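> Below is the structure I would like to discuss, written out as structure tokens.
The values are calculated or read from the model by the stated rules, or taken from the named source; none is laboratory data. Predicted, not measured: the structure shown is a model, and the values here were computed from it. Neighbour counts are summed over all protein chains in view; Cβ atoms, including those assigned to glycine, are modelled from backbone coordinates with ideal geometry. Heavy atoms of the whole protein, side chains included, go into the accessibility calculation; ligands, DNA and RNA do not. Shrake-Rupley method; radii C 1.70, N 1.55, O 1.52, S 1.80 Å.
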Amino acid sequence: SSEESRQHQRHPVRWRAALIRAGGNHIIKGVTLEVSKGGAGLYCDEQLPTGTQCRLILEIPGNSIGSKTHLQQDCVVVHSSLIGQVSKFRTGIKFKALTPENEKILAKFLPEPRHMALAIKQAAPPLR
């Protein structure tokens, strides 16, 4: 099942997000529901077809007031469906290979229990 194939812990966070289709400049605004090191779930204003290649831009609030970190990451849409009550599209995206910089940012803002991190490292050596 998809639950078993998820090796990254999901963190419920509400961050402002934007998706831009590969090769385009039209911005689709959204907000994250959850983020992991492997992808994210968000509410978007528009539907993106499954398989759409896009760039995600996240605005991550910092610890001090007014400080923000921006993360840009290439990704692919894995699902998108209309949620009637909120008139938004519940969209799942999978990150392509994370840059070391983005890994650092996510590690900083998505604290992971040490035993989880160790279990993941031992289970699967990183592909290089």
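> When you scan the range 94-105, how many residues do you find that are open to solvent by 40 Å² or more (accessible area, probe 1.4 Å) and within 13 Å of the chain's Cα centre (by Cα)?
Of all residues in the range 94-105, those open to solvent by 40 Å² or more (accessible area, probe 1.4 Å) come to 94, 96-97, 99-101, 103-104.
Of the ones still in play, those that are also within 13 Å of the chain's Cα centre (by Cα) are 94, 96-97, 103.
Of the residues in that region, 4 qualify.
> Looking only at the range 40-57, which residues are of a type in the set (Ser, Thr, Tyr) and either open to solvent by less than 40 Å² (accessible area, probe 1.4 Å) or within 14 Å of the chain's Cα centre (by Cα) (or both)? Walk me through it before giving the result.
Of the residues in the range 40-57, the ones of a type in the set (Ser, Thr, Tyr) are 43, 50, 52.
Answer for the range 40-57, where residues must be of a type in the set (Ser, Thr, Tyr) and either open to solvent by less than 40 Å² (accessible area, probe 1.4 Å) or within 14 Å of the chain's Cα centre (by Cα) (or both): Tyr43, Thr52.
> Of Ile60, Ile20, Ile65, which residue is surrounded by fewer than 13 Cβ atoms within 10 Å (Cβ to Cβ) and of a type in the set (Val, Ile, Thr)?
Step by step, each of Ile60, Ile20, Ile65 is checked, and only Ile65 is surrounded by fewer than 13 Cβ atoms within 10 Å (Cβ to Cβ) and of a type in the set (Val, Ile, Thr).
> Let me ask something additional. Mind checking which residues of the range 29-66 are β-branched (Val, Ile, Thr) and touching a helix residue (DSSP H, G or I) at 6+ places or on another chain (Cβ under 7 Å)?
The first filter runs over the range 29-66 and keeps only residues β-branched (Val, Ile, Thr), leaving 31-32, 35, 50, 52, 57, 60, 65.
If the condition is that a residue be β-branched (Val, Ile, Thr) and touching a helix residue (DSSP H, G or I) at 6+ places or on another chain (Cβ under 7 Å), then Ile60 is the only one that fits.
> Might you let me know whether the range 74-93 holds any residue that is surrounded by fewer than 14 Cβ atoms within 10 Å (Cβ to Cβ) and among the acidic types (Asp, Glu)?
No, there is no match, as no residue in the range 74-93 is surrounded by fewer than 14 Cβ atoms within 10 Å (Cβ to Cβ) and among the acidic types (Asp, Glu).
> So which of Lys108, Lys37 ends up being at pLDDT below 95 and surrounded by 18 or more Cβ atoms within 10 Å (Cβ to Cβ)? So that I can check it myself, show each step before the final result.
On the way: Lys108 fails: surrounded by 18 or more Cβ atoms within 10 Å (Cβ to Cβ).
It is Lys37.
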